[in-house]
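What follows is a set of notes on a single structure, which appears directly below.
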Amino acid sequence: MEKGKKVEEVSDAETEKLEISDEEKSTEDKTEKESEMLSAQRSREAMLGRLERELIEEHNKELDEAIQHYKTVIDQN
């Protein structure tokens, strides 16, 4: 009877180790996914920031061209 109990205890301990290992793996997977999501979010934010700056620069250039055009028209009159 003692032998059976020891085998059961060892088996329980091994099962617990496997469960902990699965939990650690699950936690690692979640951490990796969160890291990937944060990285993707930072990339999107950086891209949006660049697009915003480009649009502002383009808009300012168009405004400068329009101002210059109207100054030329005014000077000609």
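We did not get these values from a lab; they are worked out from the coordinates using the rules stated. This one's a predicted model, so the numbers in the text were calculated from it and none came from an experiment. Every residue, glycine among them, receives a Cβ derived from its backbone with ideal geometry; neighbour counts consider all protein chains shown.
Key figures
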quantity	calculated
Distance between modelled label sites at residue 25 and residue 42, nm, 7 Å Cα→Cβ extension	2.9
Volume per residue that the Cα convex hull of the stretch 30-76 spans, once the total is divided by residue count, Å³	25
